[in-house]
Structure formats: C-alpha cells, structure tokens
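Here the structure is laid out as structure tokens; the discussion comes afterwards.
Where a number appears in this text, it was derived from the coordinates with a stated rule and is not lab data. Predicted model only: the values in this text are computed from it and were never measured. Glycine gets a Cβ as well: all are built from the backbone with ideal geometry, and neighbour counts include every protein chain shown.
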Amino acid sequence: MNYPITLEGFEGQAIDVQTAGFLTGPKVLINGQPAAKGPKRGQMILRRNDGRDVVAVWKPQFLGLDVPQLAVDGKAIQVAEPLPWYVWVWSALPIILIFIGGALGAMAGMVGFSINTSIFRSSWPGPAKFGLTAVVSVVTVIVYVVAVTLFLAAIGR
C-alpha cells in the first residue's frame, strides 16, 4: 500500500511511502524510484528542490507493527493515522493459533493478522472492515485445521 506525503522543499515531486511487505521493509519512493541509501544503516538520502540532500530515517510505531513515521531532516512526518487499540486486538485474533497450533498455527496466525491489518488500512467503510476481518479470521482457522489434517494424514497419524 502506498501513502502519498508532502514534504517542505520537495514541491512538485511525487513522494510516496510504500509499506512493508512480508519480506521487504518500508520504502520511500521519489517520483516512483526508491530513495538512495544513506551513509548509515537505515538512512535514506532525499534531494530537495534546491539541490540540498537531507537524511530520512524510519521511526517505528506500535512495536514496529504499524506504518512507521518518517523523520526527514529531524522532523517527524506522520505517514498514516495509527490504528486504535481495539483494531489491533480485533486484527490479532488469528494469532491465538500460535498458542494452540505450533509452527503451522504461527504461520496461519501471522498471515491472518497481516491480512486483517491491511484491510483496516483500506478505504472500505468501518463496519465492512470489521465484517471482512471476521471472515478472514474464521477462514484462517479453517485453513489451519485443513492443513493440520492433511499433514497428519501425510505422516500416517
């Protein structure tokens, strides 16, 4: 998911924040191209309209699970509104599989959690988000049960 942002000194440039994926971290895209890596780990270099380079770094939100803030030249930019606590609790219901399902439960729970948080970041109306995430949570449990059943049948138990 991409979030367009506006930064002082970057007028006329399309700056987007691309959220983290399963295997990739968040990225800053300037006119569709990833920002240049900075001198230190986790830093990015952004070139302002006046030609001056500024350093940007990520500031994690809610244990690193929410969309991070972007600190540009020491000034924090809110990329997206943080999700409220009750949305985190509701989205995390599939994670219960971690405690009862071992490695397969952990994988299914984390995938369900990730899908749920993505749904809450979408533009759907509020009640639809809660309904759809309830369906995702139930489907996650069903997929887990089917996967465990197939696994146990494959090993002869």
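A few notes on this one:
- Within the chain, helix-based [θ] at 222 nm, where runs of 4 or more DSSP H residues each add -39,500 (n - 2.57), nearest 500: -13500 deg cm²/dmol
- Spacing of the two label points (7 Å from each Cα toward its C-beta) at residue 1 and residue 146, in nm: 2.6
- Length gained on full extension, residue 37 to residue 135: 31.3 nm, using 0.36 nm per residue less the C-alpha separation.
- Above 19 Å, the calculated P(r) of region 2-77 contains 28 percent of its Cα-Cα pairs.
- DSSP assigns beta bridges within the chain; of those with both partners inside it, close to 100 percent run antiparallel.
- Spacing of the modelled spin labels on residue 107 and residue 61, each 7 Å from Cα toward Cβ, amounts to 3.1 nm.
- Dmax and Rg, reported as Rg then Dmax, of the chain (C-alpha, Å): 19.5, 68
- Helix axis angle, 126-154 relative to the chain longest principal axis, alpha carbon, degrees: 50
- Cross-link partners of residue 27 among lysines (Cα-Cα below 17 Å; sequence separation of 8 or more within a chain): 37, 40, 59
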